[in-house]
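Some notes on the structure that comes next.
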Amino acid sequence: MLGLVAFAASGALAAVWARLDLFGVVILGLTTALGGGIIRDVLLGIHPPATLRTWPYLAVAAGTALLVFIFHPQVAKLRRAVLLADALGLGVFATAGTSTALHAGAPVYTACLIGMTTGIGGGALRDLLLREIPLVLRKEIYAVAALAGAILVGAGHLARLPAGPVTAVAAAVTVGIRMLALWRKWNAPVAKGPF
Amino acid sequence: MLGLVAFAASGALAAVWARLDLFGVVILGLTTALGGGIIRDVLLGIHPPATLRTWPYLAVAAGTALLVFIFHPQVAKLRRAVLLADALGLGVFATAGTSTALHAGAPVYTACLIGMTTGIGGGALRDLLLREIPLVLRKEIYAVAALAGAILVGAGHLARLPAGPVTAVAAAVTVGIRMLALWRKWNAPVAKGPF
Amino acid sequence: MLGLVAFAASGALAAVWARLDLFGVVILGLTTALGGGIIRDVLLGIHPPATLRTWPYLAVAAGTALLVFIFHPQVAKLRRAVLLADALGLGVFATAGTSTALHAGAPVYTACLIGMTTGIGGGALRDLLLREIPLVLRKEIYAVAALAGAILVGAGHLARLPAGPVTAVAAAVTVGIRMLALWRKWNAPVAKGPF
């Protein structure tokens, strides 16, 4: 739920900065918060997507976007808190997405890819709608952190470990990698020229 | 059908202005006209999407795009007629999309969201492919009009009113809100600075 | 498989030129190589998409992207070979996509549209993620070549010809049209002004 709030806030904040109107801010908040789960369910054939069928999700995401619309200067000052919450969301979504895909019968490596997509999909949709090259493809260790958590869940599944604790540990690893990358300013390498 | 023509024309006109070639104009016309319905069917698990299985839809949308390719200066002069037809399309698609989702067994609030998406999805895809921030997120009362019609259909369903008349009234409300917004230049509020 | 390599290389090369990091290059290579098949399976209701369930596809596409990341100056010099491989990929994906859609029970014209989308979808996703107007909509005979191959497969199905040889001939026709268009610098017409 914290991840949902963080993702909704990041979408709404980006929308406010792009000068979208109130409705655009709410739609972009919803898309960022629910987009990863919608992509996951479309890939797995879960109809209609669970995130669209669970009204508390919708209410929390829309309410968050509304609050950001009003209090955006204050939210922008909480930059560190927003980044931490975003990392939490990434961890929870990537690992829960992997579990859902495993339950739906997907092979382990497919489930890991779908889990990573669940984690990074909402942010990618946000950037796409705002006409940006998705941040996740450009900067810092973001998708890698999501993939690491997803792979841990997949490995736990193969080793027949209990799903609950494994998912919790995997989510913590994702959050840890992501926060370390932010703190130490880790970046993945860029190709060397000439171009 | 009028809505289909209007959506195809709006996509094709935008493609002509972006200097796409003949085939790009036809594909963008098809995408704008059929995109909302395709997104709806993918979310609801209707395979393959009904809009791709109904050849008169394809023929009308492709024919419209072709005519716009040839007569685009004349079509551009019919600005008011195009806007009215676009509003009709928005009303028909949003309310029919909500009905389809209710028939497929979606909860009422899910059906309203999917109906709104059916109405605005084609235009959002058009803008995305042309590298624009979707107009629907930026200007005027557009998505709100679609949502209002969708909510009326959902309310009629809850009140067990007959679906036909309710859908017609709801579509008219969407068209009315949209035309009023255009005529009075209503805009949704934008967040206040500092940014 | 050659088409897969070509599509992965084209996505990875574009990502290197857009200065994405290593992970962005791999993700964009995967998206370009697998995107058309994913869109096809989402439209047909094949869950999870076959391209995500077949690990050799994933390994080859990711490995290609990795090699391009390291050797991109050399790959860029092989421009003709890359264009030929890309045309091969277009032919194989468009015709195989049409066959898959026919097997899934889609009407012939629907199958042709889905086949064309399978051929051009990966490249369109690549351009979208890199914030370009999809090349396929702007330049040269590309989608037309894919559609021609798809229509041949559909015609062969209607005439009850054996699927294997028909698909091979259709793929060759797509490759031929595409290479001729490149060689002779064919372009589809653009609408005449005034704009």
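Checking the condition out of contact with any strand residue (DSSP E or B) (no Cβ under 9 Å at 6 or more places or on another chain), surrounded by fewer than 23 Cβ atoms within 10 Å (Cβ to Cβ), of a type outside the set (Ser, Thr, Tyr) and at pLDDT below 95, which residue from A:Arg53, A:Arg19 passes?
A:Arg53
Out of everything in segment C:119-140 that is touching a Leu at 6+ places or on another chain (Cβ under 8 Å) and outside any helix (DSSP H, G or I), what residue ends up being modelled with the lowest pLDDT?
Out of the qualifying residues, it is C:Glu140.
Please go through segment C:1-59 and give me each residue that is β-branched (Val, Ile, Thr) and part of a loop (DSSP other than H, G, I, E, B), ordered by number.
C:Ile46, C:Thr54
Kindly indicate whether C:Leu102 is surrounded by fewer than 24 Cβ atoms within 10 Å (Cβ to Cβ) and at negative phi.
When the stated conditions are applied, C:Leu102 passes them.
Looking at this structure, is A:Ala143 surrounded by 20 or more Cβ atoms within 10 Å (Cβ to Cβ), within 14 Å of chain C (Cβ to nearest Cβ) and closer than 25 Å to A:Ala14 by Cβ?
The answer is yes for A:Ala143.
Quick test for you: out of A:Thr118, A:Thr174, pick the one residue that is surrounded by 21 or more Cβ atoms within 10 Å (Cβ to Cβ), away from every other protein chain (no Cβ under 14 Å) and within 15 Å of the chain's Cα centre (by Cα). Give the steps one after another, and end with the answer.
Values: A:Thr118 fails: away from every other protein chain (no Cβ under 14 Å).
A:Thr174 is the lone residue from the list that is surrounded by 21 or more Cβ atoms within 10 Å (Cβ to Cβ), away from every other protein chain (no Cβ under 14 Å) and within 15 Å of the chain's Cα centre (by Cα).
Taking the options A:Ala65, A:Ala9, A:Ala18, name whichever one is more than 30 Å from B:Asp41 (Cα to Cα) and among the small types (Gly, Ala, Ser).
Details: A:Ala65 fails: more than 30 Å from B:Asp41 (Cα to Cα); A:Ala9 fails: more than 30 Å from B:Asp41 (Cα to Cα).
Matching residue, one of A:Ala65, A:Ala9, A:Ala18: A:Ala18.
Return the residues of segment A:65-115 that are within 14 Å of chain C (Cβ to nearest Cβ) and not in a helix (DSSP H, G or I); say none if nothing qualifies.
Selection gives A:Ala104, A:Gly105, A:Ala106, A:Pro107.
Here are B:Leu20, B:Leu44, B:Leu28: which of them is hydrophobic (A, V, I, L, M, F, W, C), more than 14 Å from chain A (Cβ to nearest Cβ) and touching a residue at least 24 places away in the same chain (Cβ under 8 Å)?
Working: B:Leu20 fails: touching a residue at least 24 places away in the same chain (Cβ under 8 Å); B:Leu44 fails: more than 14 Å from chain A (Cβ to nearest Cβ).
Checking each option against the conditions leaves just B:Leu28.
The values are calculated or read from the model by the stated rules, or taken from the named source; none is laboratory data. Please read all numbers here as calculations on a predicted model, not as lab measurements. Using ideal geometry, Cβ is built from the backbone for each residue, glycine included, and neighbour counts are taken over all protein chains shown.
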